[in-house]
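Visitor: Quick one: this structure, given as structure tokens, is what I'll be asking you about.
Throughout, read-outs are computed from the coordinates displayed, never taken from laboratory work. Bear in mind that the values here come from a model prediction, so they are computed numbers and not experimental data. Every residue, glycine as well, gets a Cβ built from its backbone with ideal geometry; the counts of neighbours run over all protein chains shown.
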């Protein structure tokens, strides 16, 4: 036994995994050629069937367990590279070369996952063989008239709850994104209203001044008070909304897909309206967003390594960690199926 | 708990390990200088003793557990690099530098393994301290007059049963070795007789036409019907025999030695008789064989990674998987010592 | 189950870890900038507080578990890189940017470790939150008039007990350090007295001739009988003392700090008195010592890999392993708090 780590360790479970729809790829990246991805450790293969529809199967041939993603798609069926067994988009076995007799058989099915294309992304339902009673999340303002929409995929080195908390956290911006966003000086108190949403939670910032950093000055040169909401929605949506003025509106929606217990794929859709030509806007928003995300990746990587070394999290929270504990609670409840009553609205003060 | 993998996982044991003789090296590679190898995870050191006989000991000094293979052989005894303890080929401790008194002592013995040289290979019996009641497998036609004999060692990325099934499997050849062997077109039905052997199993193909691919056309340009047997023999022999004509005969015998649960050393002995000069034959057989083996390595690597990820195999089999399940059963029975009655002869049809 | 390794495996615990003072760095390497190290697997951060005193905290922010060592020191407090929380040298939380209200709170404390600077090294007490009832070990003859003192840090690939036994073992020197020290020829018997010390053990060699190798000839060209002691002192001191003549005296003291179960940091302090100018002495002692240590690193790496592979040690010992078993016993007793009676003095003969 490691007598040094022991008194400081906490044995906690991995991040809870809530069932539901998860983004797995950009629509344009799902082609006839099969593509493998991981959903919470599970290898899934996606390809387009004979009708052009994107489909998703467990990436394991039912015969000798070779990865189907190493094969090819023949007339809309995926063909295993090892013995040539073929499966349709529903996972039914359609060919066993060499066999006299029928290929279709229950024991030869490959588990299949509901799959949808929506707003430029491909979404998969997390449980095999289930007909979902919901549809993927609809991203607000994406591709709406007057809005520039930017999509980006990134690999974040942390579990879903840490990535979501980081995306929706205000206090870290003065340190991790020092200069880009907020400064750790001249702070003023403002009010935060934290309220439950249906399957989610929201923090609204009242009386916030336009952030002083580079991003704020570019998008709202006139300054003044801004409207600002941070939201988490089960199972995987983290959303930041800023109304900097009547003419400037930003909604950054990230869909978070756990790849492994310590890596989360982040699929960002940023919809921006601003009184600036789109070409200039694109040239500003993307580099700033990427710089912010790279800084967050670095701190998430360090946090995740440390939590892994100690065998679990040991967090002390304060009231200005406004959404972190709610995100964990929502995930735990959704994972276990035991949903408690909605949490009451809370109002706190924070120096920003 | 990983809620995604769980419903798809199967907790199976590692490949059963049958006691018996295993090839560990080419005879010419065992020299006075000690050589380390792994037998099913166990480090063993082999060297030549004072009489020139190859011997095998557990590769762990009984004193402070340093690997004996890092030392040297002095007058037929292996000397540990750390404190100079010496052991003879039977594992007896023959010297402890600095000690006043006798070096021989039961607690200082290093476990030894029966070791034989036969037909160009060195074989080791899998259990330490045992006098085997059998001798290593005799490879048919090796070095017989009229037969060109080629030996080759390869490292296959899979467990013994997967490598053996792959070596003796017909249906995969049209896919993994497409063009070299058989095509997935113009298939004709033929009969396969599957019978038990003493400590093994055999599949005989009746009415098989000469394979259409490169290998077949080179060795039997006249075409016609061929005689073909695939055999597995405990604990580790996979053998493919082709009589392409009265003048052309190939026996490819592979001895499979599990190195770790996921890597198997393959020691191939190919004996070929053909109406072609040996120089040309050698120039043809070796490159073709190596290409086939490299293709098999690739698919085995993928299969093994996938099985490992899911924590075990989840196989659906059909009757044209003629030897795979029998190989697993033979290994399980030999490993547990509970041998069931011989399986009855079966006849099936296959499209080849 | 791995049926090959099993009969040869021994399930043993990791090396026992005794509480006490451990060296963690050279004094000059602890600066205002935070520095991370591992003590038996536990990440600890050290830095200098506002008074210039070196302090040591658990390298984990109490808030979101980011490593404090990635941050910076502000006015003697360490500031976390993630949200800017600050902690003083005692681990008290001194600032939470953004929070209205007090930052100090028991749940926000970071565990702190007693820390001392002594004789050029920084020492840390192994248990957090403890006021030790002892002070770090005082290294004899270090920086005394007439003594050249050399300090060196090395990373040894083995657990503390293996590194300590190796450092204090005589028989291996003829093999691992062949030519530098002793030869495995012309051995003569001498007497070894093994006695218990308070929290330690000592071996005294009676009648030892000056070692024949390079090191001996350089330091004591006149030859003759030498006085020689090897000592182990809890929790981490291994010491070799040679009086080669009235004018030549060497005390090599190594403080061993387990970094992980298989890696030990070695902090060596060599104090030498000899009738040779210091510049020449330094030019001789350091290269010879480094060559010896590199040879020991190689054999320790091999031993440790082997013990790890077999899941534990399986050692056979003789009476000339004079201190190894006592070191293990002392560590076990100190780790468990159950200290047995002092072992009696023993006298043995050894051929050196």
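Visitor: Would you kindly work out, in nm and rounded to one decimal, the distances from the label point of residue A:212 to those of the same position in each other copy, ordered shortest first, with label points 7 Å along Cα-to-Cβ?
Guide: Copy-to-copy label distances at residue A:212, shortest first: 7.8, 7.8 nm.
Visitor: Angle, helix C:324-336 long axis vs. longest principal axis of chain C, Cα atoms, 0 to 90°, nearest 10?
Guide: 30
Visitor: May I ask you to report, in nm to one decimal and beginning with the shortest, the distances from residue C:127 to the same position in the other copies, taking label points 7 Å along Cα-to-Cβ?
Guide: Those label-point separations list as 4.9, 5.0 nm.
Visitor: On alpha-carbon atoms, Rg over Rh for region C:148-351 using Kirkwood Rh?
Guide: For region C:148-351, the value is 0.95.
Visitor: Looking at region B:21-125, I'd like the Rg to Rh ratio, where Rg is from alpha-carbon atoms and Rh is Kirkwood's inverse mean 1/r.
Guide: Reported Rg/Rh, Kirkwood definition of Rh: 0.96.
Visitor: Cα atoms only: what Rg and Dmax, in Å, come out for region C:85-147?
Guide: 17.7, 61
Visitor: Moving to a separate point now. From other protein chains only, count the Cβ atoms within 10 Å of every residue's Cβ in C:188-196, then give the mean.
Guide: Partner-chain Cβ atoms within 10 Å, mean over residues of C:188-196: 0.
Visitor: Write down the Kirkwood hydrodynamic radius of region A:174-295, to one decimal in angstroms, obtained as one divided by the mean of 1/r over all alpha carbon pairs.
Guide: This gives a value of 15.7 Å.
Visitor: Out of every Cα-Cα pair in the protein assembly as shown, what percent are more than 57 Å apart?
Guide: For the protein assembly as shown, the fraction of Cα-Cα distances above 57 Å is 32 percent.
Visitor: With labels modelled as points extended 7 Å from the Cα through the Cβ direction, what inter-label distance (nm, one decimal) is found for residue C:191 paired with residue C:100?
Guide: 8.3
Visitor: Then there's this: Where the centre of each part is set by its Cα atoms, how far does region B:244-307 sit from region A:138-191, in angstrom?
Guide: After rounding, the separation between the Cα centres reads 57 Å.
Visitor: Note the per residue figure in Å³ for the convex hull of the C-alpha positions in chain C.
Guide: 167
Visitor: Here's another thing I want to ask about it. Copy-to-copy spacing for residue A:260, label 7 Å out on the Cα-to-C-beta vector, in nm, shortest first?
Guide: Taking the point 7 Å beyond Cα along Cα→Cβ, the inter-copy spacings are 1.6, 1.6 nm.
Visitor: Starting from the Cα of residue C:206, step 7 Å along the direction of its Cβ; do the same at residue C:26; then give the gap between the two resulting points in nm.
Guide: 4.1
Visitor: Can you classify region A:288-329 as rounded, prolate or oblate using the Cα gyration tensor, where a ≥ b ≥ c are the square roots of its eigenvalues, rounded means a/c under 1.5, and otherwise it's prolate if a/b beats b/c and oblate if not?
Guide: The shape class here is oblate.
Visitor: For region C:227-299, what value does the Rg/Rh ratio take when both radii are computed over Cα atoms and Rh is the Kirkwood radius, given to two decimals?
Guide: 1.01
Visitor: Using only the Cα atoms of region C:237-352, construct the convex hull and provide its projected area averaged over every direction, in square nanometres to one decimal.
Guide: If you wrap the Cα atoms of region C:237-352 in a convex hull and average its projections, you get 10.1 nm².
Visitor: Sum -39500 (n - 2.57) across every DSSP H segment of at least 4 residues in chain B, then divide by the residue count to get the 222 nm mean residue ellipticity, nearest 500.
Guide: Value at 222 nm, helices only, nearest 500: -5500 deg cm²/dmol.
Visitor: Could you pull the Cα extents of region A:158-229 along its three principal axes, largest to smallest, in whole Å?
Guide: Taking the Cα atoms of region A:158-229, the three principal extents are 36, 27, 22 Å.
Visitor: Taking each pair of distinct Cα atoms in region C:109-205 once, what is the resulting Kirkwood hydrodynamic radius in Å?
Guide: 17.6
Visitor: So how do B:90-103, A:83-96 stack up, highest first, on mean other-Cβ count within 10 Å?
Guide: Put in order of decreasing packing, that is A:83-96, B:90-103.
Visitor: Need one value for C:295-304: mean number of C-beta atoms belonging to other chains within 10 Å of its residues' C-beta atoms.
Guide: 3
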